[in-house]
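The structure under discussion appears below in the form of structure tokens.
The values are calculated or read from the model by the stated rules, or taken from the named source; none is laboratory data. What you see is a predicted model; the values in this text were computed from it and never measured. Here the Cβ is made from the backbone with ideal geometry for all residues, glycine too, and neighbour counts use every protein chain on show. Just the protein is used for accessible areas: all its heavy atoms, side chains included, with ligands, DNA and RNA removed. Shrake-Rupley method; radii C 1.70, N 1.55, O 1.52, S 1.80 Å.
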Amino acid sequence: MSIWEYANPKKFMGWTRPVLPWLWALAVACIVTALVWGFFFTPDDYKQGSTVKIIYIHVPSAMIAINAWFMMLITSLVWIVRRHHVSVLAAKAAAPVGAAMTVIALFTGAVWGEPMWGTWWAWDPRLTSFLVLFLFYLGYMALWAAIEDADTAADLTSVLCLVGSVFAVLSRYAAIFWNQGLHQGSSVFRAGRPDSVAEVFYLPLMLSIAGFILLFLALVLMRTRTEIRLRRASALEARMRSA
Amino acid sequence: MPQLGKYAPEVLSAYAVCIAVLVVLVAASWWRARQSAARLERVEKETGRG
Amino acid sequence: MIALLIRDLRLAIRAGGGFGLGLAFFLIVIVLVPFGVGPERAVLTRIAPGMLWVAALLAALLSLDRIFALDHEDGSLALLATAPLPLEGVVLVKAAAHWLTTGLPLTLAAPVLGILLNLSPEATPWLLASLGLGTPALSMIGAFGAALTVGLRRGGLLLSLLVLPLYVPTLIFGAEAVRRGAEGLTALPSLALVGGVTAGCFALLPFAAAAALRVNLR
């Protein structure tokens, strides 16, 4: 019994079916609680006013946006090395979720930046890298959509994901070199430092991050199940036609 | 309703867009999941497997 | 390898396509810029480095889909794949041929077009150097994109969507080198980084492109 057993499509369908409802319930509960808490029951920041409330959606969505790509990189690698179909289908399932999170992060960042920095958009390294990341998501999804043969599509998108990751990192450092930005560094994970997020904002933020992670997992599992079903339906249809 | 002060449009639009995007994403995923399940069931019935 | 290179060059020149078309496109974009932003010389001087780089990049993009498409259609790509020359080498030669027919002419034409945009004279050597170092990376990345989309019917548009984000680092470093050169700052670090990107592309991307080609020829 190894960990790879869970990648067997049939087994995957088996264990995800009972897990999914729980995941959904937890995700919705966390996000609703965190957003209600953050929106109604946290004080305004003395400098930023009520815009500080945007943090409860901006930070989690940005984290998911980056880590979804990271997950796609790992699952693509697993596909290339071990040829588990579920793995690459999970990467395919995660791409639209990641793209949507990127859009949320960019939008909330823009409406936060407008009153705080005085501009909707600045060509700051962090912002620029997110825009580039969004383009990568678009390219990845477009390549999946364009290729008819399933295995060819899986191989080519995996290669694109690997190469894209290298260039995404490169773009990030290029952007830093190019323009020192307005965006501050991460202010979430430095407990005890004076410039980190204060306690009142910290707890709902953590809850919101947990909720977004759970939502991401639930979405990816559900979408992977969809892909597996579609794959099986196509395979059965093809067999029926050839018989 | 909390007092949002002069930044109310920014905060509200951020929340609205976030929730709208998430709802669309979940709804689309759920819709596709149902469709795929229906299609698979139909195909399995036709081929006599499943 | 050399025979393949010569064959590709000959084909490109005879067909006429990539060779003149890219250059003409480059010229037209550069001519259009002042119409868009106005004829003020100071403004043009400021944006000249970036515009020249962006225009060169778009011009290089034009002929990318021809790198493998023609050979794929008539089956010679499948032949090349079974040849004793490793597929990585084929990719390398194809990228080199693309650079010789588009990147190199673009680089040589850039200083002339720089005059149209009122590029400061100090920046001209930096423009030549950064384009000369950077356009090979554009060709190599483009060859990778072309390898990914070679089997597709509507590959051209998809190719641009895939390749353009990959061009970001090269563009940033390349344009930065020219801009610093124009302002009289030291541009050598940017230039070194352009060279680094190019070297990295040539070291790694032939393998990725060859892998993609093998999948597409399966």
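Anything in region A:159-171 that is more than 9 Å from chain C (Cβ to nearest Cβ), of a type outside the set (Val, Ile, Thr) and surrounded by fewer than 23 Cβ atoms within 10 Å (Cβ to Cβ)? List them, or say none. Spell out how you get there, then give the answer.
Initial filter on region A:159-171 (more than 9 Å from chain C (Cβ to nearest Cβ)): A:161, A:165, A:169.
Checking which are of a type outside the set (Val, Ile, Thr) leaves us with A:161, A:165.
Passing the criteria: only A:Ser165.
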Region C:57-107, residues that are farther than 21 Å from C:Phe25 by Cα and among the basic types (Lys, Arg) | C:Lys94
Among the residues of region A:8-37, count how many are open to solvent by less than 50 Å² (accessible area, probe 1.4 Å) and hydroxyl-bearing (Ser, Thr, Tyr).
-> 1
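Could you list all residues from region A:72-91 that are out of contact with any Ser or Thr (no Cβ under 7 Å at 6 or more places or on another chain) and either within 14 Å of chain B (Cβ to nearest Cβ) or in contact (Cβ under 8 Å) with a residue 24 or more places away in the chain (or both)? Walk me through it before giving the result.
In the first step, residues of region A:72-91 are kept if they are out of contact with any Ser or Thr (no Cβ under 7 Å at 6 or more places or on another chain); the result is A:72, A:74, A:77, A:81-85.
Listed by number, the residues that qualify are A:Met72, A:Leu77, A:Arg82, A:His84, A:His85.
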Looking at this structure, is C:Leu205 more than 9 Å from chain A (Cβ to nearest Cβ) and at pLDDT 85 or above?
-> no
Going by the structure shown, is C:Pro105 surrounded by fewer than 22 Cβ atoms within 10 Å (Cβ to Cβ), at pLDDT below 90 and within 12 Å of the chain's Cα centre (by Cα)?
-> yes
Checked region A:135-153 for anything more than 9 Å from chain C (Cβ to nearest Cβ) and in contact (Cβ under 8 Å) with a residue 60 or more places away in the chain; matches are A:Tyr137, A:Ala150
Select from region A:63-72 the residues that are crowded, with 22+ Cβ neighbours inside 10 Å and either among the basic types (Lys, Arg) or over 13 Å from A:Tyr137 (Cβ atoms) (or both) and list them in ascending order.
-> none
Can we say A:Thr108 is crowded, with 19+ Cβ neighbours inside 10 Å, within 14 Å of chain C (Cβ to nearest Cβ), in contact (Cβ under 8 Å) with a residue 24 or more places away in the chain and more than 30 Å from A:Glu5 (Cα to Cα)?
-> no
Residues being among the basic types (Lys, Arg) and surrounded by 15 or more Cβ atoms within 10 Å (Cβ to Cβ) - total across region A:38-61 = 1
Looking at region A:92-105, which of its residues are facing chain B (nearest Cβ under 9 Å) and open to solvent by less than 20 Å² (accessible area, probe 1.4 Å)?
-> A:Ala93, A:Val97, A:Ala100, A:Met101, A:Ile104
Do we have C:Leu79 as part of a helix (DSSP H, G or I), within 19 Å of C:Leu9 (Cβ to Cβ) and open to solvent by 40 Å² or more (accessible area, probe 1.4 Å) here?
-> yes
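If you go through region A:192-206 one residue at a time, do you hit one that is touching a Gly at 6+ places or on another chain (Cβ under 6 Å), within 22 Å of A:Met101 (Cβ to Cβ) and either modelled with pLDDT under 90 or open to solvent by 50 Å² or more (accessible area, probe 1.4 Å) (or both)?
At the first step, the residues of region A:192-206 found to be touching a Gly at 6+ places or on another chain (Cβ under 6 Å) are A:204.
If we keep only those that are within 22 Å of A:Met101 (Cβ to Cβ) as well, we get A:204.
Filter once more, keeping what is either modelled with pLDDT under 90 or open to solvent by 50 Å² or more (accessible area, probe 1.4 Å) (or both): A:204.
Yes, that holds for at least one residue.
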For A:Trp4, indicate whether it is open to solvent by 60 Å² or more (accessible area, probe 1.4 Å) and either farther than 23 Å from A:Ala150 by Cβ or out of contact with any Lys or Arg (no Cβ under 9 Å at 6 or more places or on another chain) (or both).
-> no
